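Inspection log for the structure reproduced underneath, given as structure tokens.
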Amino acid sequence: MIILIGGASHTGKTLLAQRLMEQLHIPYLSIDHLKMGLIRSDMITLDAYSEEAQLTACLWPIVREMIKTAIENRQQLIVEGCYIPVRWQEDFSAAYLQAIRSVWLLMSDAYICDRFDEILAHADIIEQRKADDCTMAELREDNARLRRLCALYALPHVLIDGQYPEDILAAAQKQIR
């Protein structure tokens, strides 16, 4: 089984991947690690601050083929990151799709407005981030865009609203399909 965890920045994708890894004993790939490896090795001309669409166009074909390889080898893998396109299903045949589950983590506008400082304070709960230049406006815009796309493509998701789910693992597992 392959589990894809998508969503906007700062929603807890890496935290969820870590918790799933601990519970299910399935390794995970952070697409951010792949991105930084390609950037630091000068294999790509993009940088960490390039547009998300450019990074997705560069990274997704590699990740997609890694997923296919894992399925072909009957291996399990969790893949997390904001570089998973919402129309990812179009890149896989029916045989591959049977082995892939996904969940998207999204924040409501009210949650972002009410808890922006708290969101930033928890940004490096799993991985150490360098200076975080994330703005409330960017976070609101990105989450609103992804909420629309999740509705449009009927993507399973967890909407973080009011209180961050104490057990993000249980909330996400209900949606993974």
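Computed quantities for the displayed model
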item: Test: T14 is closer than 21 Å to R101 by Cβ and polar (S, T, N, Q); result: yes
item: Check on V79, out of contact with any His (no Cβ under 9 Å at 6 or more places or on another chain), crowded, with 17+ Cβ neighbours inside 10 Å, modelled with pLDDT under 95 and under 13 Å from G6 (Cα atoms); result: no
item: Failed item, numbered, when H25 is tested on (1) at pLDDT below 95; (2) at positive phi; result: (1)
item: Boolean, A70 is free of Cβ contacts under 8 Å to residues at least 60 places away in the same chain and under 25 Å from Q175 (Cα atoms); result: no
item: Long-range neighbours under 9 Å by Cβ, at least six apart or interchain, first residue farther than 18 Å from I176 by Cα within the stretch 86-101, second outside any helix (DSSP H, G or I); result: D91/P85
item: Of all residues in the stretch 95-148 being among the polar types (S, T, N, Q) and surrounded by fewer than 13 Cβ atoms within 10 Å (Cβ to Cβ), the one that is modelled with the lowest pLDDT; result: Q128
item: Scan of the stretch 89-102 for residues that are part of a strand (DSSP E or B) and not basic (K, R), ordered by number; result: I100, S102
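The values are calculated or read from the model by the stated rules, or taken from the named source; none is laboratory data. What you are looking at is a predicted structure, and each value in this text was computed from that prediction instead of being measured. Quick reminder, even Gly has a Cβ in these numbers, built from the backbone with ideal geometry, and neighbours come from all protein chains shown.
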